[in-house]
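S.K.: Provided herewith is a single structure, encoded as C-alpha cells, for subsequent inquiry.
The values are calculated or read from the model by the stated rules, or taken from the named source; none is laboratory data. All values reported here derive from a predicted model rather than from experimental measurement. Reconstructed Cβ throughout: ideal geometry from the backbone, glycine too, with neighbour counts over all protein chains shown.
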Amino acid sequence: MSNKQFYLGPIKQLVTLRQVDDRGPISNNALETIKNAWLSIEDGKIKSILHELPAGVETDAIMQLQKEYVMLPSFIDAHTHICFSGSRSRDYAMRNAGISYLEIAKAGGGIWDTVTHTRGATQTELIDGILERASTLVEKGITTIEVKSGYGLSVKEELKMLRAINEANKTTKAELIPTCLAAHIKPKDFEGDHAAYLDVIIDELFPIIKEEKLTKRIDAFIEEEAFSAEVVDRYFKEAKAMGMEITVHADQFHPGGSAVAIQHGALSADHLEASTESEIEALANSDTVAMALPGASIGLGCAFTPGRKILDAGGILAIASDWNPGSAPMGDLLTQACILGTFEKLSNPEVLAGITKRAAKALKLNDRGSIEEGKLADLVLFEGNDYNEIFYLQGKKLPSMVFKNGKLIFNN
Ligand code: NIG
Ligand code: FE
C-alpha cells in the first residue's frame, strides 16, 4: 500500500504538531489533536488529513484500524553512536565505584577502548550491529536515526565506519543519517598533536567522504581530553567550505563548545549539561538547536541539560538518546526523554516536539517531524485515546504500529 493512495483510519486521537513553533515553551493544551481522523497517504507522503472517510473509496484502498489508537509523527533520534563493537560494562562498574568518565579516559579506557574493539570488527560485523540496534529503535517508534562514526579515528577506520552506516542504510527499515565524528578524541596511536591529526582528517578523509557521498555532516567533541575550541576551527571551516553541516558535542563537562557551535552556524550543539546562563542565552539567541542527551546524564549520573531554561529563554530544544557503549548504553529515547521531562519540568508537548519536529530541525530535515500535508507518512500508533498516557508511562507503553514513508514497518 505504500505508493498507491490509501486511507488510514479512523484514528481516535491524531496529534499533528503542525502548529508547533520551532522554538520556546509549549503549554500542555497547545497541541492540536483531532478526534476520529483519517489520513490519505500517497507516494509515502501525507496527502490530506480528513475528518471522515470519503464516500466511494474502494475497499482495497482502505487500511481500517480496528482499535482505538493515538497517532503521532514517528520519533527521530538525532544523535546516536550505534555503529560500534564491544561493551564498556567495566567502565560502568568503575564509574559507579567512584572513578569519573574523564579519569577512565585519561587512564586509556573509555572511548579508546571502543575504538580498539571497533577497529577489530569487520565492516560486515559493524553493519550487523547497526541493523540490530536500528531494529530495536524501530520497534520503539523511531524511524529516523542519526549515526556517528568516531570509533575509527584513522582515515581507513573512519571510512570503514561511514561505509558501514551507509550500507546498513540500504537494508534497515529506518532511515539512517550518517555523521563523521573523526574529531572524537585524538587517537592514542597518532604521533603528533591534535592539529596534526585533524590536518590528516581534513586532507585525506574529507575528499573521500565527498567523493563517495558518505555524509553531509561533520561533528567534533570539544572538551578537555578531546579537542579544544581553537584546534577545531580549521576542521569546521574546511568542512563548511565543502558544503558540510556542522554539529558539536558541546559543554558536556565544561562550557565552551556551544559558543564554537554558534560561531560556526552549527545545526545543533549537543549535551550542554555544563552550560551556564551565558551559554543558554547565546543558544537561545541563535538558530543552533540545543540537543539534550538525557541518556548520557543517566548513564554517567550527571546533571541533565537545562532544558527548562533553554526553552524559557526561547531556545530550540531537541532530545536524543546518544546511544553509545560508554556514556549512554541504554538506547531508549522515549524513556530518557520522559525522564528528562520529569527532572526538567518539561511539558509533554515539549518532550514530544523534542523527539519529532525539533529533532527534525536539528537534522535539517524539513520533510518530517509533524503530521501535515506534504510531509512523509512517518507515523507511530499507540493503543489508547490520549497521548498523555504515552508520556505518563515513561516509555513502558510500546507502539502498536510504525509507518515509514507510508509503509507499515512494524505491527504488533
Ligand atoms: O556523546 N562525549 C563524547 N562522546 C560520546 C560518548 C562516547 C563514548 O563514551 O564512547 C557522548 O557521550
Ligand atoms: Fe554523543
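S.K.: Restricting attention to the range 390-406, which residues are more than 21 Å from the chain's Cα centre (by Cα) and loosely packed, with under 15 Cβ neighbours inside 10 Å?
M.R.: Answer for the range 390-406, where residues must be more than 21 Å from the chain's Cα centre (by Cα) and loosely packed, with under 15 Cβ neighbours inside 10 Å: just 392.
S.K.: While we're on this one: Restricting attention to the range 233-280, and to residues there that are outside any helix (DSSP H, G or I) and either at pLDDT below 95 or touching a His at 6+ places or on another chain (Cβ under 7 Å) (or both), which single residue is nearest to residue 303 (Cα to Cα)?
M.R.: 274
S.K.: Which condition does residue 352 not pass, out of (1) within 16 Å of ligand 1 (Cβ to nearest atom); (2) closer than 17 Å to residue 388 by Cβ, if it passes all the others?
M.R.: Condition (1) is where residue 352 drops out.
S.K.: So residue 334 ticks every box in (1) within 16 Å of ligand 1 (Cβ to nearest atom); (2) closer than 29 Å to residue 98 by Cα; (3) aliphatic (A, V, I, L, M) but one. Which box is left unticked?
M.R.: Here residue 334 clears every test but (1).
S.K.: Moving to a separate point now. Out of the range 64-88, which residues are within 23 Å of the chain's Cα centre (by Cα), on the phi < 0 side of the Ramachandran plot and surrounded by fewer than 23 Cβ atoms within 10 Å (Cβ to Cβ)?
M.R.: 85, 87
S.K.: Still on this structure: Which pairs turn up if I take residues in the range 183-198 that are β-branched (Val, Ile, Thr) and look for partners that are part of a loop (DSSP other than H, G, I, E, B) and surrounded by fewer than 20 Cβ atoms within 10 Å (Cβ to Cβ) with beta carbon separation below 7 Å, at least 6 apart in sequence or on another chain?
M.R.: Every condition considered, the pairs that remain are 185/225.
S.K.: What residue, among those in the range 33-60 that are under 22 Å from residue 400 (Cβ atoms) and assigned to a loop (DSSP other than H, G, I, E, B), is nearest to the chain's Cα centre (by Cα)?
M.R.: 44
S.K.: May I pose another question? Would you confirm whether or not the range 126-143 contains a residue that is in contact (Cβ under 8 Å) with a residue 40 or more places away in the chain, of a type in the set (Ser, Thr, Tyr), loosely packed, with under 15 Cβ neighbours inside 10 Å and more than 16 Å from ligand 2 (Cβ to nearest atom)?
M.R.: Yes, the range 126-143 has at least one match.
S.K.: Give the residue, chosen from 120, 110, that is within 14 Å of ligand 2 (Cβ to nearest atom) and either on the phi > 0 side of the Ramachandran plot or surrounded by fewer than 23 Cβ atoms within 10 Å (Cβ to Cβ) (or both).
M.R.: Every option except 110 fails the conditions.
S.K.: Also, I was wondering about something else. Based on what the data block shows, is residue 378 outside the structural domain of residue 266 (by TED's automatic domain parsing) and farther than 21 Å from residue 175 by Cβ?
M.R.: no
S.K.: Is it the case that residue 268 is under 19 Å from the mean Cα position of the chain (by Cα), closer than 30 Å to residue 212 by Cα and within 16 Å of ligand 1 (Cβ to nearest atom)?
M.R.: Spelling it out, residue 268 is indeed under 19 Å from the mean Cα position of the chain (by Cα), closer than 30 Å to residue 212 by Cα and within 16 Å of ligand 1 (Cβ to nearest atom).
S.K.: Another question, then. Enumerate the helices (runs of 4 or more DSSP H) found wholly within the range 119-224, keeping only those where 3 or more residues are aliphatic (A, V, I, L, M).
M.R.: Ranges flagged: 123-138, 155-171, 194-200.
S.K.: Something else now. From the list 368, 308, which residue is away from ligand 2 (no atom under 16 Å from the Cβ), in contact with a Ser or Thr (Cβ under 7 Å, 6 or more places away or on another chain) and either over 26 Å from residue 173 (Cα atoms) or of a type in the set (D, E, K, R) (or both)?
M.R.: 368
S.K.: Kindly indicate whether residue 63 is modelled with pLDDT of 95 or more and not in a helix (DSSP H, G or I).
M.R.: yes
S.K.: Further question on the same structure: Would you confirm whether any residue within the range 284-296 is touching a helix residue (DSSP H, G or I) at 6+ places or on another chain (Cβ under 8 Å) and among the acidic types (Asp, Glu)?
M.R.: Among the residues of the range 284-296, not one is touching a helix residue (DSSP H, G or I) at 6+ places or on another chain (Cβ under 8 Å) and among the acidic types (Asp, Glu), which makes the answer no.
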